[in-house]
Amino acid sequence: RLDWLNRQHLRAALADPDKSAGLIQQARAEVAAASGLETASVRPETVATALRLAGDRLTFTKDLYNAVPFMFGDPALDTTAAEQALILVPHEFHIPILNALEHALASEVSESWIGFAKSVAAAAQVPTKHVMMMLRFALTGERFGPKIPELLDALPVDSIKRRIRNAKTEIESR
């Protein structure tokens, strides 16, 4: 019950402009401590987005870095993470999907992210859900996480491109 109350308090504080600034500063210091980053390098906008993306998975601000570490740096991709995250996507689709994502991101994305994923799926000749799973792995290194459209809106495009390249390199090295 107390965890539920804490989650409700965080949600209400984020919705209140007077309280959200203090909450963001508190979370910013806690992310810096947990990640080993300098507080000055942890941007308040990133913390605000991370708090929103963490949603109900966050009970205390001190847990923000562990809830969404991919918001504060590129995710650690390894063979075990890849196997767990990509278990539902047939192996022969991994590289074609990442290639299609790289190609599509080379030009300006002018449509919604869902439309973007559908066009990538059509180009790679795979189901859209496989594109979404590959994106989640590339962006977070995890099988589960925030909604992909929200995550794509939250991350800078150059970070998305870099993470897709890193995922491709990891998969190719297996």
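The values are calculated or read from the model by the stated rules, or taken from the named source; none is laboratory data. Computed from a predicted structure; not experimentally measured. Note: ideal-geometry Cβ built from the backbone for every residue, glycine included; neighbour counts use all protein chains shown. Areas reflect the complete protein model, heavy atoms only, side chains present, ligands, DNA and RNA absent. Shrake-Rupley method; radii C 1.70, N 1.55, O 1.52, S 1.80 Å.
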(request) Might you let me know whether segment 116-123 holds any residue that is among the hydrophobic types (A, V, I, L, M, F, W, C) and closer than 19 Å to Tyr65 by Cβ? (result) no
(message) Quick check on my filter: what residues within segment 134-167 are farther than 19 Å from Arg57 by Cβ, part of a helix (DSSP H, G or I) and either open to solvent by 40 Å² or more (accessible area, probe 1.4 Å) or basic (Lys, Arg) (or both)?
(response) Val157, Asp158, Lys161, Arg162, Arg163, Arg165, Asn166
(request) Consider only pairs whose beta carbons are under 8 Å apart and that are at least six residues apart or on different chains; among these, list those whose first residue lies in segment 103-124 and is surrounded by 12 or more Cβ atoms within 10 Å (Cβ to Cβ) and whose second residue is modelled with pLDDT under 80 and not in a helix (DSSP H, G or I). (result) Phe116/Val109; Ser119/Glu111
(message) Checking the conditions here, which among Thr49, Thr61 is hydroxyl-bearing (Ser, Thr, Tyr), open to solvent by less than 20 Å² (accessible area, probe 1.4 Å), within 30 Å of Leu5 (Cα to Cα) and in contact with a helix residue (DSSP H, G or I) (Cβ under 7 Å, 6 or more places away or on another chain)?
(response) Thr61
(request) Scan segment 16-27 and give yes if some residue there is within 19 Å of Gly145 (Cβ to Cβ), open to solvent by less than 50 Å² (accessible area, probe 1.4 Å), at pLDDT 90 or above and in a helix (DSSP H, G or I), otherwise no. (result) yes
(message) List the residue pairs whose Cβ atoms are under 6 Å apart, where the first residue sits in segment 49-64 and is without any contact (Cβ under 8 Å) to a residue 12 or more places away in the chain, the second is of a type in the set (Lys, Arg) and not in a helix (DSSP H, G or I), and the two are 6 or more positions apart or on different chains.
(response) none
(request) Looking at (1) within 20 Å of Asn166 (Cβ to Cβ); (2) in contact with a Pro (Cβ under 9 Å, 6 or more places away or on another chain); (3) of a type in the set (A, V, I, L, M, F, W, C); (4) surrounded by 14 or more Cβ atoms within 10 Å (Cβ to Cβ), find the lone condition where Ala76 falls short. (result) (4)
